[in-house]
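In what follows, a structure is listed as structure tokens, so that the remarks can point back to it.
The values are calculated or read from the model by the stated rules, or taken from the named source; none is laboratory data. Owing to the predicted nature of the structure, the values given are computational and were not obtained by experimental measurement. Neighbour counts are summed over all protein chains in view; Cβ atoms, including those assigned to glycine, are modelled from backbone coordinates with ideal geometry. These area figures cover heavy atoms from the full protein model, side chains too; ligands, DNA and RNA do not enter into them. Shrake-Rupley method; radii C 1.70, N 1.55, O 1.52, S 1.80 Å.
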Amino acid sequence: MPVFSDGLGLSVTAASGEAAAAFGGTVEGYVRFTRDTGDRLKNTLTADPDMPLAHVTQGYFMKLFGTKAMALRADKALGTAKELSSRIAITDREQGHLAALDNWCAGNIDGAADAWESVLLDHPTDMLALRLAHFAHFYAGDGSKMRDSVARVLPSWDKSHPLYGNLIGMYGFGLEESGDYRRGERMAREAVDIDPKDAWSVHAVAHVMEMEGRHREGIDWIQGLEPHWSSVHNFRFHVWWHRTLFHLERYEFDTVLELYDSQVASDLEADQYLDVVNAAALLWRLELYGIKVGPERWAALAELAKNHLDDHELVFVSLHYLMALLGAGRMEEAGELVEKLRAYADGEGTRGQTQAKVTKKVGLALAGAMTAIRTGNPSRAVSLIWPVRYDIRLIGGSHAQRDVFEEMLVDASLKGNDPRIARALLAERTTRKPHSAWSWQRYGDALGDTPEATSAKSRADELLAQA
Ligand SMILES: [Fe+2]
């Protein structure tokens, strides 16, 4: 089969130029978070039902759903891609993608990331490989890899490339997640200047503001660009979630709940894991702030979570499903989820699987801790989280997302019977997040009846008065 240009500077094995261009449009849709990305892939496969890379990409998209049901469909797409490549000569780049999907379907996400990085050594402008490597590094909680993966290819990109803005926005997010807030913000802002609809980059700037405690600025930033980023697919609810975090830090709880109902949890029927991740973490945080969120909100999340007890694509996501079940008080299903996680981590067939290893190393401890919190045993929660807290990053997600586990540890340490840990954690946290009124208030609680406690509470009051 001949090769044609995909319109993004790369050659793809295809039946026609039309099919190759449709494939390029699919990659563009995926990177830009367009709502019609799935249709774009369907059109590609209509134009050329035997395009190997289109079938591999179908497998990728299925895996990105993060569910067992979709993983089975990814296996099918992999089988088709392998069969096609046995009778159609494909390029080395396409072989690399096939190897990546093969690894991913076998549960070896690290192996998939290696395959994408290998493709990028020869084809540094392969945005499909780069964006998927970005995803894999994100769910490995590895900000350095997110940063360096993009840095390695940057010199090969021309500013006239249609996805150049997305590229530097990804770099900005990698810089932020690896702690370089100044350069991260600069890169991500440049990306937003190029395309204000680039929600990933808008959100990278919001991450910088979250990490630096620039809460009012964060609200203004997200609000000011809303007409642009709100046109993207369900990722827009994650941007809304970021906005609610800023309001939460300012104790604007009515606004948080209003935005929870009207935006963050407004499309739960789509059954997308990120929506549940956003929503469950927000409800849990609200409760840590002493806000009653009511049983209905938890119940709606639990209704979705109960259908995902067997999904083991990402332990980060499973832990949020567990949050939903525990929040709703559905202890039996919560226990079932934990047992299934345990069986997955220990299972013969999961040896070498990236997520099984992470589940074993840290996921089960977090699951046990959350269960202990909801069954009135905060000391047990502390004893489970404390030894693994520097491994929590392995479950992936962003610093901002994983902070809910730190917050639950802080709260459990205050309610448990070891005030030394509460004081130590809050000394650390108020240094890292000096603009967090919640942290200063909790530090005041931890310090007991002392002048230092009075001063910590005053700091919280000052921050809230300035808000
Ligand atoms: Fe985020």
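Here is how the numbers come out for the structure above:
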item	result
Chain lengthening between ASP158 and ALA343 when straightened (0.36 nm per residue, less Cα-Cα)	61.8 nm
Dmax and Rg, reported as Rg then Dmax, of the chain (C-alpha, Å)	22.6, 78
Cα gyration tensor shape of the range 1-112, rounded if a/c is under 1.5, else prolate or oblate by comparing a/b with b/c	oblate
Overall form of the range 418-467 per C-alpha gyration tensor (a/c, 1.5; a/b vs b/c)	oblate
Estimated inter-spin distance, ALA424 and GLU336, nm [label 7 Å along Cα→Cβ]	3.9
Charge context of LEU364, other residues only, Cβ under 15 angstrom, K/R +1, D/E -1	+3
Sites ARG389 and SER266, calculated FRET efficiency, Cβ-Cβ separation with R0 45 Å, nearest 0.05	0.85
Rounded accessible area per residue of the chain, 1.4 Å, Å²	39
Descending semi-axes in whole angstrom, ellipsoid equivalent of the range 71-134, from the Cα gyration tensor	19, 15, 8
Inter-probe distance in nm under a simple model that places probes 7 Å from Cα toward Cβ, at ASN234 and ALA15	3.2
Percent accessible area from carbon and sulfur atoms, the range 1-138, protein chains only, probe 1.4 Å	54
Candidate residues LYS340, LYS415, LYS292, LYS357: accessible-area rank, largest first, probe 1.4 Å	LYS292, LYS415, LYS357, LYS340
Rg(Cα) / (2.2 N^0.38 Å) computed for the range 343-467, rounded to two decimals	1.22
Listed pairs LYS68/LYS361; LYS306/LYS357; LYS68/LYS340 exceeding 18 Å between Cα atoms	LYS68/LYS361; LYS306/LYS357
FRET E, pair GLU83, THR454, Förster distance 60 Å, beta-carbon r, rounded to 0.05	0.25
Lys/Arg +1, Asp/Glu -1 at C-beta; the chain dipole; positive extreme among TRP386, THR91, VAL338	TRP386
